[in-house]
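Heads up: the structure comes next, in structure tokens.
The values are calculated or read from the model by the stated rules, or taken from the named source; none is laboratory data. Values in this document were obtained by computation on a predicted structure and should not be read as measured data. In this analysis, Cβ positions are derived from the backbone assuming ideal geometry, glycine residues included, and neighbour counts consider all displayed protein chains. With ligands, DNA and RNA removed, areas are computed over all heavy atoms of the protein, side chains included. Shrake-Rupley method; radii C 1.70, N 1.55, O 1.52, S 1.80 Å.
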Amino acid sequence: MNKLYQQKWLIAFALPGFLFFLVFAYLPMYGVVISFQDFDVFKGVFRSDFVGFDNFKTLFDMPDFNNALKNTILISALKMILLFPATVVFALMINEISTGWFRKFVQTTSYLPYFVSWVIAAGIWYKLLSIDGGVVNDLLVSLGILKEPFYFLADKDAFYPIILFTEAWKNMGFSAIIFIASLSAIDVQQYEAARVDGASRFRQIWHISLPGIKNTIVLMFILNASNLLKAGQDQLWTMSNVTVQQKAEILDTLVLRYLKDMGLTGYSIGTAMGIFQAFIGLVLFIVCNYLAKAAKSDSII
Amino acid sequence: MEKKRKLDAFAAVNGLLMLLFAFVCIYPFYYVLIVSLNDPLDAQRGGLYLWVRSFSFENYKAIFKTSELLNAYQITLFRVVAGTVLHVVLTAMFAFALTKKHFVFRKFLTWWMLIPMYFSGGIIPTYVVMDMLGLVNNVMVYVLPHLLATFHILILRSYLNELPAALEESAVIDGASDFSLFWRIVLPLSTPVLATVALFIGVFHWNDWFSGFTYMTSEHLWTAQNVLLKIIQTNEASNIASISKMDSGFKATVTAESVKMAMLVITTVPVIVVYPFLQKYFVKGMMLGSVKG
């Protein structure tokens, strides 16, 4: 008791944190029991009737859910397959700039978009791609590439390319930081030796830069893979509209729709969706972390 | 890197591509800025690419005439200030307690904060809890659920662990309690890292649209991001345009499109002003973030 009294200030400092996590992290975790209930707001989480796995059965039979699951994996995989290598190439290109101020300029501008919200990013690209007076359409029409303005954001086939492009615009510069940092750790003497031997710039990149950051690449790729069921809620919610909804609906946005549109009747199903996502996410996370650890220890040898 | 390297074809092509990339990154912001500063009716003619053709503040005037938007900016400002100050103080307090090796609850509290990094209740259970607590349609929902973040506690904890122990020891010998140790010695010494955490959480609060969207059914509790989102997704901007039309005796002075642009600018500027200060901390933060797993 005396010890507790001696540590009264430490306890007082930690108490708000303890309560914070209790209320805003652990209480919602308990709330997942909703997915096993026929949730009734008036009865609340503690007194609603339990129905076992019924909600999950309903869930797997829902066309909306299956479509959202398909879209989530597709969008997420496209981002990984196309944008991940692009980020590495971008970092390699930045690394090849030898003029200090220019390099700093490119880097600084490249992560500017990362710091604005997707709401703003969406607003900007809606304007740039719009049919009346959008710069992109104006330019394409005046160059004769397009006959008439093309409604980019309301075209189903253009939607994924636009999602990939805007994602690259917003996040590529920032994601490249880690590769740039790891490139700067490579010993300069290796490049000098290669140059003396007459290696071209491409060969230097291929034989020195890339192997030098191989471990970082593997590690980042594995860590990214654990987010396969996170396709980008903010982006897809802000950039989608009724015409492309079929292709834009991902698990995150579907859950949000269950909360907003379905209201009380959708709570149990919506929570079940969230649990499904969290469960698969956790499995992916454990597997990927295991792989990452293996890759790490591999690199030490 | 050696200084003298002749400008070869490789460097030229690479430089050009990088210049193009930088252009694609900034130009959209610049474009929105010039459209917002151009006379709205003139802007309708199109062909605005590189500079303002006919300068005018009409769009900004229209925004500040609309009380709805002013109100949203006030709420945003409130959450940025309150949310950031409280977040920083509580993070420092919690991290400080965790660095004291003799603290009895240290181990328990470390796990207590780490577990929520990997598990969470998800959107709907969280909503039900917020509803239970009376936080739905309550401005405190902008502040309370973001009082602490495990990641920021970790950053601060590793910083505090590296402070020289002798400083605190001598204060303890002089009879300082943990309370005065924290306020007089630890807090002033950690200003740089506290500033970093403050900038990150401040930018988060400014940019967050999810809380307003999820927990506020009453639109006059929305933040600027929420109003902006609605304006982008619907034709809300034409209402603002028509309000200002009524004001000036049925003569249209602004258009929906150009008001949108001005709103985008006002909502973007604070972040753009702040972010150069954040820049030098990115790499460290990214490194910390990627090894946490």
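Can you name the condition, by its number, that residue A:12 falls short on among (1) open to solvent by 60 Å² or more (accessible area, probe 1.4 Å); (2) more than 7 Å from every other protein chain (Cβ to nearest Cβ); (3) free of Cβ contacts under 8 Å to residues at least 40 places away in the same chain?
(1)
Scan region B:187-209 and tell me whether some residue there is away from every other protein chain (no Cβ under 12 Å), open to solvent by 40 Å² or more (accessible area, probe 1.4 Å) and hydrophobic (A, V, I, L, M, F, W, C).
Yes: one or more hits.
Within region A:83-127, can you find the residues that are charged (D, E, K, R) and either outside any helix (DSSP H, G or I) or crowded, with 21+ Cβ neighbours inside 10 Å (or both)?
A:127
Just one of B:88, B:13 is more than 9 Å from chain A (Cβ to nearest Cβ), out of contact with any strand residue (DSSP E or B) (no Cβ under 8 Å at 6 or more places or on another chain), open to solvent by less than 30 Å² (accessible area, probe 1.4 Å) and in a helix (DSSP H, G or I); which is it?
B:88
Could you check region A:172-181 and list, in sequence order, the residues that are modelled with pLDDT of 90 or more and among the small types (Gly, Ala, Ser)?
A:173, A:175, A:176
Being more than 10 Å from chain B (Cβ to nearest Cβ) and open to solvent by 50 Å² or more (accessible area, probe 1.4 Å) is the filter here, so list the residues in region A:128-140 that pass it.
A:131
Return yes or no: is residue A:46 closer than 17 Å to residue B:123 by Cα and in a helix (DSSP H, G or I)?
Criteria not met by residue A:46.
Under 6 Å between Cβ atoms, at least 6 apart or on separate chains: pull out the pairs that start in region B:207-233 with a residue that is more than 15 Å from residue A:120 (Cβ to Cβ) and end on any residue that is modelled with pLDDT of 90 or more and among the aromatic types (Phe, Trp, Tyr).
Correct list of pairs: B:211/B:142; B:216/B:222.
All but one of (1) in contact with a Gly (Cβ under 7 Å, 6 or more places away or on another chain); (2) part of a helix (DSSP H, G or I) hold for residue A:284; which doesn't?
Among (1) in contact with a Gly (Cβ under 7 Å, 6 or more places away or on another chain); (2) part of a helix (DSSP H, G or I), residue A:284 violates only (1).
Tell me, please, whether a residue that is at negative phi and not in a helix (DSSP H, G or I) can be found in region A:5-24.
Yes: region A:5-24 contains one or more residues that are at negative phi and not in a helix (DSSP H, G or I).
If you check every pair at least six apart or on different chains, which have Cβ atoms under 9 Å apart with a residue in region A:174-195 that is more than 10 Å from chain B (Cβ to nearest Cβ) first and a residue that is open to solvent by 20 Å² or more (accessible area, probe 1.4 Å) and part of a loop (DSSP other than H, G, I, E, B) second?
Partner pairs satisfying both residue conditions: A:193/A:199.
What are the residue pairs meeting all of these: first residue in region B:42-66, first residue of a type in the set (A, V, I, L, M), second residue part of a helix (DSSP H, G or I) and open to solvent by 20 Å² or more (accessible area, probe 1.4 Å), Cβ atoms under 6 Å, and 6 or more apart or on different chains?
If the second residue must be part of a helix (DSSP H, G or I) and open to solvent by 20 Å² or more (accessible area, probe 1.4 Å), the pairs left are B:52/B:37.
Restricting to region A:103-124, give me the number of residues that are modelled with pLDDT of 90 or more, more than 7 Å from chain B (Cβ to nearest Cβ) and within 25 Å of residue A:231 (Cα to Cα).
Count: 3.
May I ask you to list the residues in region B:114-131 that are within 7 Å of chain A (Cβ to nearest Cβ) and over 25 Å from residue B:95 (Cβ atoms)?
If the condition is that a residue be within 7 Å of chain A (Cβ to nearest Cβ) and over 25 Å from residue B:95 (Cβ atoms), then B:122, B:123, B:124, B:125, B:127, B:128, B:129 are the ones that fit.
Anything in region B:131-154 that is assigned to a loop (DSSP other than H, G, I, E, B) and within 16 Å of the chain's Cα centre (by Cα)? List them, or say none.
B:143, B:147, B:148, B:149
Could you list, in sequence order, all residues of region A:23-48 that are touching a residue at least 12 places away in the same chain (Cβ under 8 Å), open to solvent by less than 50 Å² (accessible area, probe 1.4 Å) and of a type in the set (Phe, Trp, Tyr)?
Within region A:23-48, just A:39 meets the criteria.
Tell me yes or no: at least one residue of region A:207-223 is in a helix (DSSP H, G or I), open to solvent by less than 70 Å² (accessible area, probe 1.4 Å) and within 30 Å of residue A:60 (Cα to Cα).
Checked against the condition, which is being in a helix (DSSP H, G or I), open to solvent by less than 70 Å² (accessible area, probe 1.4 Å) and within 30 Å of residue A:60 (Cα to Cα), region A:207-223 yields at least one hit.
Any idea which of A:281, A:270, A:274 is more than 8 Å from chain B (Cβ to nearest Cβ), closer than 23 Å to residue B:124 by Cα and open to solvent by less than 30 Å² (accessible area, probe 1.4 Å)?
The match here is A:281.
Quick one: in region A:246-267, of everything that is over 19 Å from the mean Cα position of the chain (by Cα) and open to solvent by 60 Å² or more (accessible area, probe 1.4 Å), which residue is modelled with the highest pLDDT?
For region A:246-267, the residue satisfying everything is A:246.
When you scan region A:230-244, do you find a residue that is open to solvent by less than 60 Å² (accessible area, probe 1.4 Å) and without any contact (Cβ under 8 Å) to a residue 12 or more places away in the chain, even just one?
no
Specify which of the listed residues (A:174, A:179, A:165, A:159) is on the phi < 0 side of the Ramachandran plot, open to solvent by 40 Å² or more (accessible area, probe 1.4 Å) and in a helix (DSSP H, G or I).
A:165
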